[in-house]
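Here is the structure we will look at, set down as structure tokens.
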Amino acid sequence: MSERIMAIVRARAPGVLLPLATTMLAFLIGGLVVALTGHDPFSAYRAIFDGTGITYIFPWTPSADKAFAALNLQQTLILTTPLILTALAVAFPYRCGMFNIGGQGQYTVGIVGAIWVGTRWPHMAKPEHLALALLAAAGAGALWGAIAGAMKAAVGAHEVISTIMLNWIAIYGAQWLFELGGPMQGPARDVPQSSEVVDSAKLPAIWGTLQPLHAGFYLALAALVVYYVVINRTTFGFGVRAVGHNPDAARSSGIPVARNYAAALAIGGAFAGLAGACDVLGWEYHIVTNDIAASSVGFIGIAVALLGRNAAVGILLSALLFGGLQVGTSTRSLDPTVFPPTLASNLSTIIQGLIVLFVGADVLILAVWNSRRRLRRRRAVSA
């Protein structure tokens, strides 16, 4: 029994230790950057950590600091919500052997779908209106993902290229919809933005009053559970994983490879579309054209999925890390006497970039390590 446990530990250890080592190395290099600016990296990281609001859950945090920590933690969880969903938009197709770079475009069309439904029918009952807006966002994202999936299934178009191009079609298309004179511009004719989402389509608040955490956080957690169950406990998930491991073998076994390609990207797009709905129905309530191009939620979701190794728990922890970094380095949360927030925002970007870089490197390191073990086995057999 102990040998079996040790075998499981050895098999799972790289998947846990390598992301931890990746994160620690990225923060170490980030600390060197802080030191080069003439600041104390330990004090800077402590201030950033305090700014995330995580200290709210610690029993030793003074009651006087609890209120501000609660506000920061609410912001961290608000930003974590779409990161979980856009990471799932990457993780699900990845299990099918595809790399979905189109989370940003799928997120954007999700916003459009949610606003289109959420700004209409103000007298509709809240549960039905909210459900319809969420379904519209998920459906729009699924359709956008399915376009790339259908192209891959029909003519073998590489999903990386097609999803990148679809990103810009979605971004520029949404800007056109909400710009001055656009078909979905709001009532303020001199402001390029959408109308306000009506109350019956807004996600309910679950914690806080100023800018409260909304129920989209529960939706993101439920999506993680759905992802885990579908991938690991269903026949469809087995087919998706089989195609991801070896599409030729899967095809020979009777698994519809083309259908799985289209379905996996459609499901990934639905997750990203829900991310857009959570933001616009949960706290933004409208969209400005400048915010459409400036948003990078879908791109950060790629880093979240990579660091989390496309596992449900890993994605949750990675999303919390990236969401906390964004909040902890903001001008509202970070004490400027410890570290300038303008530099801290760049530090956050540096750390995120380093994590993506090292995640790719740890895949290479793992491949070298596994080849070393295989070579050792061959030598043992030949001896």
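The values are calculated or read from the model by the stated rules, or taken from the named source; none is laboratory data. Being a predicted model, the structure only gives us computed values, none of them experimental. FYI the Cβ positions are ideal-geometry reconstructions off the backbone, even for glycines, and counts take in every protein chain you see. For accessibility, only protein heavy atoms count, side chains too; no ligands or nucleic acids. Shrake-Rupley method; radii C 1.70, N 1.55, O 1.52, S 1.80 Å.
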**OP:** Taking amide H positions as placed in the peptide plane 1.01 Å from N, state which residues far from Trp207 in sequence (5 or more) or on other chains have amide H under 5 Å from it.
**Re:** Leu213
Original post:
Top mean-square fluctuation among Thr289, Thr209, Thr329, Gaussian network model of the chain, C-alpha springs under 10 Å?
Top reply: Thr209
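Grab the Cα-Cα distance for Phe68 and Leu180, subtract it from 0.36 nm times how many residues apart they are, and report the gain in nm with one decimal.
Values: separation 112, 0.36 × 112 = 40.32 nm, distance 3.87 nm.
Length gained between Phe68 and Leu180: 36.5 nm.
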Subject >> Choice from Ser200, Ser252, Ser330 with maximal GNM fluctuation in the chain (Cα, 10 Å cutoff) >> reply: Ser252
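Using a 1.4 Å probe on the protein chains only, how many percent of the accessible area of the range 116-240 belongs to carbon and sulfur?
Numbers: 4640 of 6540 Å².
Accessible surface attributable to carbon and sulfur in the range 116-240 totals 71 percent.
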**OP:** Determine ³J(HN,Hα), in whole Hz, for all residues of the range 54-60 in sequence, where each value follows from phi through the Karplus function 6.51 cos²θ - 1.76 cosθ + 1.60 and θ = phi - 60°; x replaces Gly and Pro.
**Re:** 4, 4, 4, 7, 7, x, 8
Subject >> Residues of the chain: accessible area per residue with a 1.4 Å probe, Å² >> reply: 49
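Test of understanding: express the Cα radius of gyration of the range 216-256 as a ratio to 2.2 N^0.38 Å, with N the residue count. Each step should come with its number before you reach the end.
Values: Rg = 13.1 Å, N = 41, 2.2 N^0.38 = 9.0 Å.
Relative to the rule-of-thumb radius for its length, the range 216-256 sits at 1.45.
Can you tell me how much longer the chain between His158 and Thr61 gets when fully stretched, taken as 0.36 nm per residue apart minus their C-alpha distance, in nm with one decimal?
On the way: separation 97, 0.36 × 97 = 34.92 nm, distance 5.11 nm.
Extra length available between His158 and Thr61 comes to 29.8 nm.
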Subject >> Net lengthening on full extension, Ala249/His123 (0.36 nm per residue, minus Cα-Cα) >> reply: 40.0 nm
Original post:
What ³J(HN,Hα) values, in whole Hz, does the Karplus curve 6.51 cos²θ - 1.76 cosθ + 1.60 give for the range 194-199 when θ = phi - 60°, with x put for Gly and Pro?
Top reply: 7, 6, 7, 5, 6, 4
Original post:
Each residue of the range 321-332 in order: what ³J(HN,Hα) in whole Hz does its phi give by Karplus 6.51 cos²θ - 1.76 cosθ + 1.60, θ = phi - 60°, with x for Gly and Pro?
Top reply: 4, 5, x, x, 4, 5, 6, x, 9, 6, 5, 6
Original post:
Can you work out the FRET efficiency for the pair Ala294 and Ser43, with r the C-beta to C-beta distance and R0 = 45 Å, to the nearest 0.05?
Top reply: 0.90
Subject >> 10 Å-binned pair-distance histogram of the chain (Cα, whole percent) >> reply: 5, 21, 29, 25, 14, 4, 1, 0, 0
**OP:** Could you list which residues have their amide H under 5 Å from that of Thr119, counting only those 5 or more apart in sequence or on another chain, with H placed in the peptide plane?
**Re:** Val198
**OP:** Identify all aspartates and glutamates with a Cα-Cα distance to Lys152 below 19 Å; exclude those on the same chain that are fewer than 8 residues away in sequence.
**Re:** Asp248
Subject >> Proximal charge balance of Leu265 [Cβ under 15 Å; K/R count +1, D/E count -1] >> reply: +2
